[in-house]
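The values are calculated or read from the model by the stated rules, or taken from the named source; none is laboratory data. None of these values were measured; they are calculated from a predicted model. Cβ placement follows ideal geometry from the backbone for every residue including glycine, while neighbour counts extend to all protein chains displayed. Quick note on the areas: whole protein, heavy atoms, side chains included, nothing else; ligands and nucleic acids left out. Shrake-Rupley method; radii C 1.70, N 1.55, O 1.52, S 1.80 Å.
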Amino acid sequence: MNDNVAGLLQVGLVIAALALAWRPLGDYMAWVFTTDRDLRVERAVYRLVGVDSKADQRWRTYAGSLLALSAVGVALLFVLQRIQGRLPGSLGFEGVPSWLAFNTAASFVTNTNWQAYSGESTMGNLVQMSGLAVQNFVSAAVGLAVAVALIRGFLRSRTDRLGNFWVDLTRGIVRILLPISFVAAVVLVAMGAVQNLTGGVDATTLTGATQHIVGGPVASQEAIKELGTNGGGFFNANSAHPFENPNGWSNLFEIFLLLLIPVALTRTFGTMVGDRRQGVAILGAMTTLFAIVATSVTLLELHHDTLFNLEGKEQRFGVITSSLFATATTGTSTGAVNSFHSSFDPIGGGLLILNMGLGEVAPGGVGTGLYGILVMAIVAVFVAGLMVGRTPEYLGKKLRASEIKLVSLTILTMPLLVLFGTGIALALPGPRASILNAGPHGLSEVLYAFMSASNNNGSAFAGLSANTDFYNIALAICMLLGRFVPIVLTLALAGSLAGQTPTPRNAGTMPTHGALFVGMLTGVIVIVAALTFFPALALGPLAEGL
(Lines give C-alpha, C1' and ligand atoms only; values in the text may rest on other atoms or scores of the structure.)
Protein backbone atom coordinates (compact mmCIF):
# COMPACT_ATOMS: atom_id res chain seq x y z
CA MET A 1 0.00 0.00 0.00
CA ASN A 2 1.21 3.54 -0.77
CA ASP A 3 2.63 5.30 2.32
CA ASN A 4 0.39 8.32 1.83
CA VAL A 5 -2.75 6.20 1.54
CA ALA A 6 -1.73 4.27 4.65
CA GLY A 7 -1.17 7.54 6.49
CA LEU A 8 -4.59 8.89 5.51
CA LEU A 9 -6.24 5.65 6.63
CA GLN A 10 -4.55 6.01 10.01
CA VAL A 11 -5.82 9.58 10.31
CA GLY A 12 -9.31 8.32 9.51
CA LEU A 13 -8.98 5.63 12.18
CA VAL A 14 -8.12 8.24 14.85
CA ILE A 15 -11.10 10.39 13.79
CA ALA A 16 -13.45 7.38 13.92
CA ALA A 17 -12.22 6.40 17.40
CA LEU A 18 -12.72 9.96 18.71
CA ALA A 19 -16.21 10.08 17.18
CA LEU A 20 -17.15 6.84 18.93
CA ALA A 21 -15.85 8.04 22.31
CA TRP A 22 -17.17 11.62 22.10
CA ARG A 23 -20.74 11.03 23.22
CA PRO A 24 -20.34 8.42 26.01
CA LEU A 25 -17.27 10.02 27.55
CA GLY A 26 -18.68 13.53 27.28
CA ASP A 27 -21.96 12.55 28.93
CA TYR A 28 -20.12 10.55 31.57
CA MET A 29 -17.95 13.54 32.53
CA ALA A 30 -21.06 15.73 32.72
CA TRP A 31 -22.57 13.21 35.17
CA VAL A 32 -19.36 13.08 37.21
CA PHE A 33 -19.47 16.82 37.86
CA THR A 34 -23.23 17.11 38.46
CA THR A 35 -24.12 14.08 40.60
CA ASP A 36 -24.59 14.51 44.35
CA ARG A 37 -23.27 11.04 45.10
CA ASP A 38 -19.76 10.65 46.51
CA LEU A 39 -17.82 7.43 46.19
CA ARG A 40 -16.47 5.79 49.33
CA VAL A 41 -12.86 6.53 48.38
CA GLU A 42 -13.80 10.16 47.74
CA ARG A 43 -15.40 10.49 51.16
CA ALA A 44 -12.21 9.12 52.68
CA VAL A 45 -10.19 11.78 50.86
CA TYR A 46 -12.52 14.54 52.06
CA ARG A 47 -12.22 13.37 55.67
CA LEU A 48 -8.45 13.20 55.34
CA VAL A 49 -8.12 16.80 54.14
CA GLY A 50 -11.02 18.13 56.23
CA VAL A 51 -13.32 19.14 53.36
CA ASP A 52 -17.10 19.39 53.47
CA SER A 53 -18.06 18.04 50.05
CA LYS A 54 -21.50 19.66 50.23
CA ALA A 55 -20.19 23.19 50.81
CA ASP A 56 -19.85 25.28 47.66
CA GLN A 57 -17.16 27.94 47.40
CA ARG A 58 -17.09 31.53 46.17
CA TRP A 59 -14.80 32.09 43.21
CA ARG A 60 -12.11 33.67 45.39
CA THR A 61 -12.12 30.67 47.74
CA TYR A 62 -12.14 28.29 44.77
CA ALA A 63 -9.15 30.10 43.27
CA GLY A 64 -7.38 30.29 46.63
CA SER A 65 -7.73 26.54 47.14
CA LEU A 66 -6.34 25.90 43.66
CA LEU A 67 -3.39 28.23 44.13
CA ALA A 68 -2.60 26.81 47.58
CA LEU A 69 -2.56 23.24 46.25
CA SER A 70 -0.34 24.27 43.34
CA ALA A 71 2.10 26.15 45.59
CA VAL A 72 2.42 23.11 47.83
CA GLY A 73 2.92 20.95 44.74
CA VAL A 74 5.77 23.13 43.48
CA ALA A 75 7.46 23.12 46.88
CA LEU A 76 7.17 19.36 47.40
CA LEU A 77 8.34 18.48 43.91
CA PHE A 78 11.28 20.87 44.24
CA VAL A 79 12.37 19.29 47.52
CA LEU A 80 11.88 15.76 46.17
CA GLN A 81 14.24 16.49 43.27
CA ARG A 82 16.84 18.16 45.46
CA ILE A 83 17.08 15.22 47.90
CA GLN A 84 16.82 12.54 45.21
CA GLY A 85 20.30 11.17 45.89
CA ARG A 86 19.32 10.27 49.48
CA LEU A 87 16.13 8.45 48.48
CA PRO A 88 15.55 4.83 47.46
CA GLY A 89 14.93 4.27 43.76
CA SER A 90 17.29 7.07 42.74
CA LEU A 91 19.24 4.70 40.42
CA GLY A 92 22.40 6.42 41.59
CA PHE A 93 21.38 9.88 40.38
CA GLU A 94 22.26 12.87 42.56
CA GLY A 95 19.89 15.67 43.49
CA VAL A 96 18.78 17.92 40.65
CA PRO A 97 20.45 21.39 40.57
CA SER A 98 18.39 24.15 42.18
CA TRP A 99 17.24 26.19 39.19
CA LEU A 100 16.59 23.11 37.07
CA ALA A 101 14.58 21.62 39.95
CA PHE A 102 12.57 24.85 40.23
CA ASN A 103 11.94 24.88 36.48
CA THR A 104 10.85 21.22 36.51
CA ALA A 105 8.59 21.67 39.53
CA ALA A 106 6.89 24.68 37.93
CA SER A 107 6.67 22.79 34.66
CA PHE A 108 4.86 19.70 35.95
CA VAL A 109 2.58 21.52 38.39
CA THR A 110 1.40 23.83 35.58
CA ASN A 111 0.72 20.91 33.20
CA THR A 112 3.51 22.20 30.93
CA ASN A 113 6.06 19.39 31.30
CA TRP A 114 8.85 21.40 29.71
CA GLN A 115 12.01 19.35 30.23
CA ALA A 116 15.44 20.98 30.19
CA TYR A 117 16.99 17.62 31.11
CA SER A 118 17.17 14.04 29.85
CA GLY A 119 14.78 11.97 31.93
CA GLU A 120 16.71 8.70 31.71
CA SER A 121 19.93 10.31 32.98
CA THR A 122 18.52 12.72 35.57
CA MET A 123 15.47 11.31 37.36
CA GLY A 124 15.24 8.08 39.36
CA ASN A 125 12.14 5.91 39.48
CA LEU A 126 10.88 7.35 42.76
CA VAL A 127 10.90 10.94 41.50
CA GLN A 128 9.38 9.85 38.19
CA MET A 129 6.49 8.03 39.91
CA SER A 130 5.81 9.93 43.14
CA GLY A 131 6.73 13.36 41.82
CA LEU A 132 6.26 13.82 38.11
CA ALA A 133 3.51 11.27 37.47
CA VAL A 134 1.47 12.46 40.46
CA GLN A 135 1.53 16.01 39.14
CA ASN A 136 0.47 14.73 35.73
CA PHE A 137 -2.79 13.63 37.36
CA VAL A 138 -3.23 16.65 39.63
CA SER A 139 -2.47 19.33 37.02
CA ALA A 140 -4.86 17.76 34.51
CA ALA A 141 -7.60 17.56 37.14
CA VAL A 142 -7.05 21.24 37.98
CA GLY A 143 -7.73 22.16 34.35
CA LEU A 144 -10.91 20.06 34.40
CA ALA A 145 -12.06 21.77 37.59
CA VAL A 146 -11.64 25.28 36.16
CA ALA A 147 -13.55 24.36 32.99
CA VAL A 148 -16.41 22.95 35.06
CA ALA A 149 -16.44 26.04 37.29
CA LEU A 150 -16.80 28.28 34.21
CA ILE A 151 -19.68 26.16 32.91
CA ARG A 152 -21.38 26.55 36.29
CA GLY A 153 -20.92 30.31 35.93
CA PHE A 154 -23.14 30.19 32.85
CA LEU A 155 -25.62 27.81 34.49
CA ARG A 156 -26.10 29.45 37.89
CA SER A 157 -27.81 32.74 38.63
CA ARG A 158 -27.96 35.21 41.50
CA THR A 159 -25.27 33.34 43.45
CA ASP A 160 -21.61 33.77 44.29
CA ARG A 161 -20.92 30.02 44.49
CA LEU A 162 -19.12 27.97 41.81
CA GLY A 163 -18.89 24.54 43.44
CA ASN A 164 -16.17 22.97 45.54
CA PHE A 165 -12.65 22.83 44.12
CA TRP A 166 -11.62 19.84 46.24
CA VAL A 167 -14.64 17.84 45.10
CA ASP A 168 -14.08 18.69 41.44
CA LEU A 169 -10.37 17.86 41.72
CA THR A 170 -10.97 14.53 43.46
CA ARG A 171 -13.70 13.44 41.08
CA GLY A 172 -11.61 14.35 38.06
CA ILE A 173 -8.76 12.16 39.29
CA VAL A 174 -10.71 9.24 40.77
CA ARG A 175 -13.50 8.89 38.23
CA ILE A 176 -11.91 10.04 34.97
CA LEU A 177 -8.12 10.20 34.84
CA LEU A 178 -7.18 7.17 36.95
CA PRO A 179 -9.47 4.55 35.36
CA ILE A 180 -8.75 5.60 31.78
CA SER A 181 -5.01 5.83 32.48
CA PHE A 182 -5.00 2.35 34.00
CA VAL A 183 -6.61 0.84 30.91
CA ALA A 184 -4.36 2.90 28.61
CA ALA A 185 -1.22 1.73 30.43
CA VAL A 186 -2.25 -1.92 30.04
CA VAL A 187 -2.89 -1.34 26.34
CA LEU A 188 0.52 0.31 25.91
CA VAL A 189 2.25 -2.59 27.67
CA ALA A 190 0.44 -5.00 25.33
CA MET A 191 1.71 -2.94 22.41
CA GLY A 192 5.31 -3.18 23.62
CA ALA A 193 5.88 -0.22 25.93
CA VAL A 194 8.23 -0.89 28.84
CA GLN A 195 6.95 -1.18 32.42
CA ASN A 196 9.39 -2.29 35.12
CA LEU A 197 11.39 -1.00 38.09
CA THR A 198 14.87 -2.03 36.99
CA GLY A 199 17.80 0.27 36.57
CA GLY A 200 18.31 -1.03 33.05
CA VAL A 201 20.61 -3.57 31.43
CA ASP A 202 23.95 -3.48 29.61
CA ALA A 203 23.86 -4.58 26.00
CA THR A 204 26.47 -5.09 23.30
CA THR A 205 25.86 -3.09 20.14
CA LEU A 206 26.52 -4.23 16.56
CA THR A 207 29.87 -2.46 16.66
CA GLY A 208 30.92 -4.28 19.83
CA ALA A 209 30.47 -1.34 22.18
CA THR A 210 28.62 -1.60 25.49
CA GLN A 211 25.45 0.44 25.93
CA HIS A 212 23.36 0.82 29.07
CA ILE A 213 19.65 0.57 28.20
CA VAL A 214 17.43 2.19 30.84
CA GLY A 215 14.07 0.73 31.83
CA GLY A 216 11.46 1.95 34.28
CA PRO A 217 7.73 2.54 34.83
CA VAL A 218 7.34 3.94 31.33
CA ALA A 219 3.91 2.75 30.17
CA SER A 220 2.08 4.00 33.28
CA GLN A 221 3.62 7.44 32.91
CA GLU A 222 3.09 7.47 29.15
CA ALA A 223 -0.64 6.87 29.62
CA ILE A 224 -1.31 9.89 31.84
CA LYS A 225 1.29 11.93 29.96
CA GLU A 226 -0.93 11.76 26.86
CA LEU A 227 -4.37 11.52 28.46
CA GLY A 228 -3.74 14.49 30.75
CA THR A 229 -2.17 16.52 27.91
CA ASN A 230 1.00 16.75 29.99
CA GLY A 231 3.71 15.66 27.55
CA GLY A 232 6.80 15.06 29.69
CA GLY A 233 8.66 12.00 28.44
CA PHE A 234 10.36 9.34 30.53
CA PHE A 235 13.15 9.48 27.94
CA ASN A 236 14.79 12.44 26.28
CA ALA A 237 13.49 11.34 22.87
CA ASN A 238 9.95 11.44 24.29
CA SER A 239 7.39 9.66 22.12
CA ALA A 240 9.99 9.01 19.44
CA HIS A 241 11.63 6.50 21.80
CA PRO A 242 10.58 2.89 21.10
CA PHE A 243 10.15 2.16 24.82
CA GLU A 244 7.52 4.91 25.02
CA ASN A 245 6.01 4.54 21.56
CA PRO A 246 6.94 1.12 20.13
CA ASN A 247 5.11 1.02 16.80
CA GLY A 248 2.53 2.54 14.48
CA TRP A 249 -0.41 1.25 16.51
CA SER A 250 0.90 2.74 19.74
CA ASN A 251 1.51 5.99 17.87
CA LEU A 252 -2.14 6.17 16.81
CA PHE A 253 -3.26 5.21 20.31
CA GLU A 254 -1.22 8.02 21.86
CA ILE A 255 -2.64 10.57 19.41
CA PHE A 256 -6.12 9.31 20.35
CA LEU A 257 -5.34 9.66 24.06
CA LEU A 258 -4.09 13.22 23.88
CA LEU A 259 -7.16 14.35 21.90
CA LEU A 260 -9.72 12.28 23.82
CA ILE A 261 -10.69 14.42 26.82
CA PRO A 262 -10.38 17.88 25.17
CA VAL A 263 -12.67 16.73 22.34
CA ALA A 264 -15.16 14.97 24.63
CA LEU A 265 -15.40 18.03 26.90
CA THR A 266 -17.33 19.83 24.17
CA ARG A 267 -20.08 17.24 24.63
CA THR A 268 -19.81 17.70 28.40
CA PHE A 269 -20.28 21.43 27.94
CA GLY A 270 -23.36 21.02 25.77
CA THR A 271 -24.88 18.47 28.13
CA MET A 272 -24.31 20.59 31.22
CA VAL A 273 -25.75 23.81 29.72
CA GLY A 274 -28.78 21.88 28.45
CA ASP A 275 -28.20 22.56 24.75
CA ARG A 276 -25.90 20.05 23.08
CA ARG A 277 -25.85 22.16 19.92
CA GLN A 278 -23.64 24.62 21.83
CA GLY A 279 -21.07 21.89 22.38
CA VAL A 280 -21.22 20.87 18.73
CA ALA A 281 -20.57 24.47 17.69
CA ILE A 282 -17.51 24.70 19.94
CA LEU A 283 -16.29 21.36 18.57
CA GLY A 284 -16.85 22.68 15.04
CA ALA A 285 -14.56 25.65 15.64
CA MET A 286 -11.91 23.46 17.24
CA THR A 287 -12.08 20.96 14.38
CA THR A 288 -11.85 23.66 11.72
CA LEU A 289 -8.70 25.14 13.21
CA PHE A 290 -7.14 21.72 13.77
CA ALA A 291 -7.90 20.58 10.22
CA ILE A 292 -6.40 23.71 8.66
CA VAL A 293 -3.13 23.39 10.58
CA ALA A 294 -2.84 19.60 10.17
CA THR A 295 -3.53 19.71 6.45
CA SER A 296 -1.14 22.59 5.83
CA VAL A 297 1.71 21.06 7.83
CA THR A 298 1.26 17.68 6.12
CA LEU A 299 1.19 19.14 2.61
CA LEU A 300 4.29 21.22 3.30
CA GLU A 301 6.15 18.12 4.47
CA LEU A 302 4.99 15.99 1.53
CA HIS A 303 6.03 18.74 -0.88
CA HIS A 304 9.70 17.91 -0.31
CA ASP A 305 11.61 14.85 -1.45
CA THR A 306 11.74 11.77 0.77
CA LEU A 307 15.18 12.44 2.24
CA PHE A 308 14.16 15.92 3.38
CA ASN A 309 10.73 15.16 4.77
CA LEU A 310 11.94 12.19 6.82
CA GLU A 311 14.79 14.14 8.44
CA GLY A 312 14.00 14.42 12.15
CA LYS A 313 11.18 11.89 11.91
CA GLU A 314 10.80 8.21 12.73
CA GLN A 315 10.72 5.94 9.67
CA ARG A 316 8.22 3.67 11.45
CA PHE A 317 5.70 6.53 11.76
CA GLY A 318 6.16 8.30 8.43
CA VAL A 319 5.35 11.85 7.39
CA ILE A 320 1.57 11.98 7.69
CA THR A 321 1.19 10.61 11.21
CA SER A 322 4.25 12.59 12.35
CA SER A 323 2.53 15.74 11.08
CA LEU A 324 -0.72 14.66 12.76
CA PHE A 325 1.09 14.07 16.06
CA ALA A 326 2.84 17.46 15.81
CA THR A 327 -0.45 19.26 15.16
CA ALA A 328 -2.20 17.38 17.97
CA THR A 329 0.53 18.01 20.52
CA THR A 330 0.85 21.75 19.78
CA GLY A 331 -2.93 22.14 19.61
CA THR A 332 -3.63 20.38 22.91
CA SER A 333 -0.90 21.79 25.17
CA THR A 334 0.48 18.26 25.45
CA GLY A 335 4.07 18.87 24.42
CA ALA A 336 4.87 15.23 23.67
CA VAL A 337 6.74 14.79 20.38
CA ASN A 338 7.44 11.87 18.08
CA SER A 339 9.55 13.99 15.71
CA PHE A 340 11.73 17.10 15.91
CA HIS A 341 9.69 20.16 15.05
CA SER A 342 12.89 22.00 14.18
CA SER A 343 13.28 19.62 11.23
CA PHE A 344 9.89 20.46 9.71
CA ASP A 345 9.57 22.74 6.72
CA PRO A 346 10.18 26.32 7.99
CA ILE A 347 6.60 27.36 7.19
CA GLY A 348 5.32 24.15 8.74
CA GLY A 349 7.33 24.83 11.88
CA GLY A 350 5.87 28.32 11.92
CA LEU A 351 2.37 26.85 11.75
CA LEU A 352 3.14 24.70 14.78
CA ILE A 353 4.22 27.85 16.64
CA LEU A 354 1.04 29.61 15.51
CA ASN A 355 -1.00 26.59 16.58
CA MET A 356 0.14 27.28 20.13
CA GLY A 357 -0.34 31.01 19.56
CA LEU A 358 -4.04 30.41 18.89
CA GLY A 359 -4.25 29.97 22.65
CA GLU A 360 -4.21 26.16 22.81
CA VAL A 361 -7.89 25.91 21.87
CA ALA A 362 -7.76 23.50 18.92
CA PRO A 363 -8.83 21.50 20.88
CA GLY A 364 -6.59 22.60 23.77
CA GLY A 365 -5.51 20.87 26.95
CA VAL A 366 -7.64 18.99 29.47
CA GLY A 367 -10.05 21.67 30.67
CA THR A 368 -7.84 24.53 29.51
CA GLY A 369 -8.92 24.12 25.89
CA LEU A 370 -12.59 24.38 26.77
CA TYR A 371 -12.36 27.39 29.05
CA GLY A 372 -9.92 29.01 26.62
CA ILE A 373 -12.26 28.73 23.65
CA LEU A 374 -15.26 29.82 25.75
CA VAL A 375 -13.35 33.01 26.52
CA MET A 376 -12.86 33.50 22.77
CA ALA A 377 -16.55 32.72 22.20
CA ILE A 378 -17.39 35.62 24.49
CA VAL A 379 -15.18 37.86 22.34
CA ALA A 380 -16.95 36.65 19.18
CA VAL A 381 -20.37 37.36 20.68
CA PHE A 382 -19.18 40.76 21.90
CA VAL A 383 -17.94 41.70 18.41
CA ALA A 384 -21.25 40.57 16.92
CA GLY A 385 -23.12 42.68 19.48
CA LEU A 386 -21.12 45.75 18.49
CA MET A 387 -22.05 45.15 14.85
CA VAL A 388 -25.79 45.30 15.55
CA GLY A 389 -25.66 47.84 18.37
CA ARG A 390 -27.06 45.78 21.25
CA THR A 391 -25.76 44.40 24.53
CA PRO A 392 -24.19 41.03 23.70
CA GLU A 393 -25.44 37.88 25.44
CA TYR A 394 -24.01 34.38 25.60
CA LEU A 395 -25.97 31.45 27.01
CA GLY A 396 -28.41 33.82 28.68
CA LYS A 397 -25.80 35.99 30.37
CA LYS A 398 -25.12 39.62 29.44
CA LEU A 399 -21.53 40.47 28.59
CA ARG A 400 -21.01 43.71 30.47
CA ALA A 401 -17.91 45.85 30.85
CA SER A 402 -16.72 43.81 33.84
CA GLU A 403 -16.82 40.53 31.90
CA ILE A 404 -15.12 41.99 28.84
CA LYS A 405 -12.30 43.44 30.97
CA LEU A 406 -11.65 40.02 32.50
CA VAL A 407 -11.74 38.38 29.07
CA SER A 408 -9.34 40.97 27.65
CA LEU A 409 -6.83 40.47 30.45
CA THR A 410 -7.07 36.71 30.01
CA ILE A 411 -6.31 36.94 26.30
CA LEU A 412 -3.45 39.42 26.73
CA THR A 413 -1.56 37.43 29.38
CA MET A 414 0.00 34.82 27.11
CA PRO A 415 1.15 37.16 24.28
CA LEU A 416 2.78 39.53 26.77
CA LEU A 417 4.77 36.68 28.31
CA VAL A 418 5.78 35.27 24.92
CA LEU A 419 6.85 38.51 23.28
CA PHE A 420 8.55 40.07 26.31
CA GLY A 421 10.35 36.83 27.12
CA THR A 422 11.54 36.34 23.56
CA GLY A 423 12.65 39.95 23.29
CA ILE A 424 14.66 39.83 26.51
CA ALA A 425 16.31 36.52 25.55
CA LEU A 426 17.36 37.88 22.16
CA ALA A 427 18.62 41.14 23.66
CA LEU A 428 21.03 39.53 26.14
CA PRO A 429 24.29 37.88 25.03
CA GLY A 430 24.08 34.98 27.51
CA PRO A 431 20.69 33.64 26.34
CA ARG A 432 21.70 34.23 22.70
CA ALA A 433 24.68 31.91 23.20
CA SER A 434 22.23 29.03 23.81
CA ILE A 435 20.87 29.29 20.27
CA LEU A 436 22.18 26.55 17.98
CA ASN A 437 21.26 27.98 14.57
CA ALA A 438 21.97 31.50 13.39
CA GLY A 439 19.49 33.72 11.59
CA PRO A 440 15.70 33.27 11.43
CA HIS A 441 15.84 29.65 12.56
CA GLY A 442 17.57 30.71 15.77
CA LEU A 443 14.82 33.24 16.42
CA SER A 444 12.29 30.44 15.91
CA GLU A 445 14.05 28.34 18.57
CA VAL A 446 13.66 31.09 21.18
CA LEU A 447 10.14 32.11 20.10
CA TYR A 448 9.02 28.47 20.25
CA ALA A 449 10.45 28.03 23.75
CA PHE A 450 8.59 31.01 25.20
CA MET A 451 5.43 30.18 23.24
CA SER A 452 5.57 26.64 24.59
CA ALA A 453 6.19 27.71 28.19
CA SER A 454 3.63 30.53 28.27
CA ASN A 455 0.93 28.28 26.76
CA ASN A 456 1.83 25.43 29.15
CA ASN A 457 2.60 23.22 26.15
CA GLY A 458 6.08 21.93 26.99
CA SER A 459 7.31 20.78 23.59
CA ALA A 460 10.64 22.09 22.30
CA PHE A 461 11.70 23.14 18.83
CA ALA A 462 15.10 21.46 19.33
CA GLY A 463 18.41 23.26 19.04
CA LEU A 464 18.09 25.62 22.00
CA SER A 465 20.29 24.76 25.00
CA ALA A 466 17.69 25.62 27.62
CA ASN A 467 19.37 24.22 30.75
CA THR A 468 20.89 27.53 31.82
CA ASP A 469 20.00 29.71 34.79
CA PHE A 470 18.37 32.32 32.55
CA TYR A 471 16.10 29.94 30.67
CA ASN A 472 15.30 27.84 33.74
CA ILE A 473 14.16 30.95 35.62
CA ALA A 474 12.54 32.85 32.73
CA LEU A 475 10.62 29.89 31.36
CA ALA A 476 9.48 28.87 34.87
CA ILE A 477 8.07 32.37 35.41
CA CYS A 478 6.29 32.19 32.06
CA MET A 479 4.85 28.77 32.93
CA LEU A 480 3.56 29.92 36.31
CA LEU A 481 2.08 33.21 35.11
CA GLY A 482 0.80 31.68 31.87
CA ARG A 483 -1.07 29.05 33.88
CA PHE A 484 -2.40 30.78 36.95
CA VAL A 485 -3.16 34.34 35.80
CA PRO A 486 -5.67 33.11 33.17
CA ILE A 487 -7.09 30.59 35.67
CA VAL A 488 -7.77 33.27 38.29
CA LEU A 489 -9.26 35.60 35.69
CA THR A 490 -11.43 32.79 34.31
CA LEU A 491 -12.73 31.96 37.79
CA ALA A 492 -13.44 35.67 38.37
CA LEU A 493 -15.35 35.66 35.07
CA ALA A 494 -17.32 32.60 36.19
CA GLY A 495 -18.16 34.31 39.49
CA SER A 496 -19.34 37.42 37.65
CA LEU A 497 -21.55 35.39 35.32
CA ALA A 498 -23.00 33.31 38.16
CA GLY A 499 -24.12 36.48 39.95
CA GLN A 500 -26.28 37.63 37.05
CA THR A 501 -29.97 37.13 36.45
CA PRO A 502 -30.50 35.11 33.23
CA THR A 503 -31.66 37.06 30.19
CA PRO A 504 -34.49 35.38 28.25
CA ARG A 505 -33.83 34.68 24.58
CA ASN A 506 -35.65 36.92 22.11
CA ALA A 507 -35.69 37.68 18.40
CA GLY A 508 -32.55 39.79 18.73
CA THR A 509 -30.45 37.16 20.49
CA MET A 510 -27.56 35.94 18.38
CA PRO A 511 -27.70 32.15 17.75
CA THR A 512 -24.50 30.54 19.00
CA HIS A 513 -25.07 27.03 17.76
CA GLY A 514 -24.94 27.34 13.97
CA ALA A 515 -22.40 27.48 11.17
CA LEU A 516 -22.37 31.30 11.20
CA PHE A 517 -21.20 31.40 14.81
CA VAL A 518 -18.64 28.65 14.17
CA GLY A 519 -17.20 30.71 11.32
CA MET A 520 -17.15 33.89 13.38
CA LEU A 521 -15.52 32.20 16.36
CA THR A 522 -12.88 30.62 14.14
CA GLY A 523 -12.20 33.95 12.47
CA VAL A 524 -11.86 35.81 15.78
CA ILE A 525 -9.36 33.26 17.08
CA VAL A 526 -7.25 33.42 13.92
CA ILE A 527 -7.34 37.22 13.66
CA VAL A 528 -6.35 37.75 17.31
CA ALA A 529 -3.42 35.33 16.98
CA ALA A 530 -2.31 36.68 13.60
CA LEU A 531 -2.36 40.31 14.71
CA THR A 532 -0.41 39.41 17.82
CA PHE A 533 2.28 37.14 16.44
CA PHE A 534 2.64 37.90 12.72
CA PRO A 535 5.62 40.29 13.17
CA ALA A 536 7.55 37.69 15.21
CA LEU A 537 6.64 34.88 12.81
CA ALA A 538 7.67 37.06 9.86
CA LEU A 539 11.16 37.47 11.32
CA GLY A 540 11.50 33.77 12.12
CA PRO A 541 9.88 30.90 10.21
CA LEU A 542 8.38 33.01 7.42
CA ALA A 543 11.71 34.68 6.65
CA GLU A 544 13.46 31.30 6.66
CA GLY A 545 10.82 29.69 4.46
CA LEU A 546 10.80 32.48 1.90
Legend entry - the range 76-160: trypsin sites (Lys or Arg not before Pro) in DSSP loop, at most 11 other beta carbons within 10 Å: ARG158
Inset, instruction - Calculate the radius of gyration of the Cα atoms of the range 390-507 to one decimal place, then report Dmax, the largest Cα-Cα distance, as a whole number, both in Å. - result: 19.2, 61
Legend entry - HN-Hα J in Hz across the range 119-134 - Karplus 6.51, -1.76, 1.60, θ = phi - 60°, x for Gly and Pro: x, 6, 10, 10, 10, x, 5, 5, 5, 4, 7, 7, x, 5, 5, 4
Inset, instruction - Enter the Cα centre distance for the pair the range 269-339 and the range 12-33, rounded to the nearest angstrom. - result: 18 Å
Legend entry - Carbon and sulfur %, accessible surface of the chain computed with the full protein complex present, 1.4 Å: 67 percent
Inset, instruction - Quote the accessible area belonging to MET451 in square angstrom, nearest 10, computed with a 1.4 Å probe and with ligands, DNA and RNA left uncounted. - result: 0 Å²
Inset, instruction - Quote to one decimal, in nm, the extra length available between VAL187 and TRP31 on full extension: 0.36 nm per residue of separation minus the C-alpha distance between them. - result: 53.6 nm
Legend entry - Residue (of VAL446, VAL201, ALA21) at the positive-pole extreme of the chain, dipole from beta-carbon charges: ALA21
Legend entry - Per residue, in Å², the accessible surface of the chain once ligands and nucleic acids are set aside, probe 1.4 Å: 38 Å²
Inset, instruction - List the residues whose amide H sits under 5 Å from the amide H of GLY215, counting only those 5 or more places along or on another chain, with H placed 1.01 Å from N in the peptide plane. - result: GLY200, VAL201
Inset, instruction - Project the alpha carbons of the chain onto their principal axes and report the range along each, largest first, in whole Å. - result: 78, 58, 51
Inset, instruction - Please give, to one decimal in nm, the separation of the simple spin-label points placed at ILE404 and SER53, each 7 Å out from Cα toward the Cβ. - result: 4.3 nm
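Determine the order of TRP99, TRP166 by accessible area, beginning with the largest, at a probe radius of 1.4 Å.
TRP99, TRP166
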Legend entry - the range 413-546: relative contact order in percent, alpha carbon pairs under 8 Å with at least 6 residues between: 29 percent
Legend entry - LEU67-ALA6 FRET efficiency (beta carbon distance; Förster radius 51 Å; 0.05 resolution): 0.60
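Defining a contact as two alpha carbons under 8 Å apart and six or more residues distant in sequence, what relative contact order in percent does the chain show?
Result for the chain is 20 percent.
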Inset, instruction - Distance between Cα centroids, the range 431-490 to the range 209-261: provide it in whole Å. - result: 23 Å
Inset, instruction - Calculate, in nm to one decimal, what ALA515 and VAL201 gain on full extension: separation in residues at 0.36 nm each, minus their alpha carbon distance. - result: 107.4 nm
Inset, instruction - Place a label point 7 angstrom from the Cα of THR295 along the Cα-to-Cβ direction, then list the residues of the range 1-42 whose backbone nitrogen is under 20 Å away. - result: 4-19
Legend entry - Unit charges on C-beta of K, R, D, E only; dipole of the range 111-209, Debye: 720 debye
Legend entry - FRET efficiency for TRP249 and ILE473, using Cβ-Cβ distance with R0 set to 45 Å, rounded to 0.05: 0.65
Legend entry - Integer Hz, Karplus 6.51/-1.76/1.60 couplings in order for the range 348-353, x for Gly and Pro: x, x, x, 5, 5, 5
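Specify whether the C-alpha gyration tensor of the range 32-107 places it in the rounded, prolate or oblate class, a ≥ b ≥ c being the square roots of the eigenvalues: rounded for a/c under 1.5, otherwise prolate if a/b is larger than b/c and oblate if not.
prolate
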Inset, instruction - Grab the Cα-Cα distance for LEU412 and ALA19, subtract it from 0.36 nm times how many residues apart they are, and report the gain in nm with one decimal. - result: 138.1 nm
Legend entry - Point-to-point label distance, VAL388-THR210, nm (Cα→Cβ direction, 7 Å offset): 7.6 nm
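I need to check one value: relative contact order of the range 19-134, counting alpha carbon pairs closer than 8 Å and at least 6 residues apart, in percent. If you can, show how the numbers build up before the last one.
Numbers: 74 pairs, mean separation 24.5, N = 116.
Over the range 19-134, the number comes to 21 percent.
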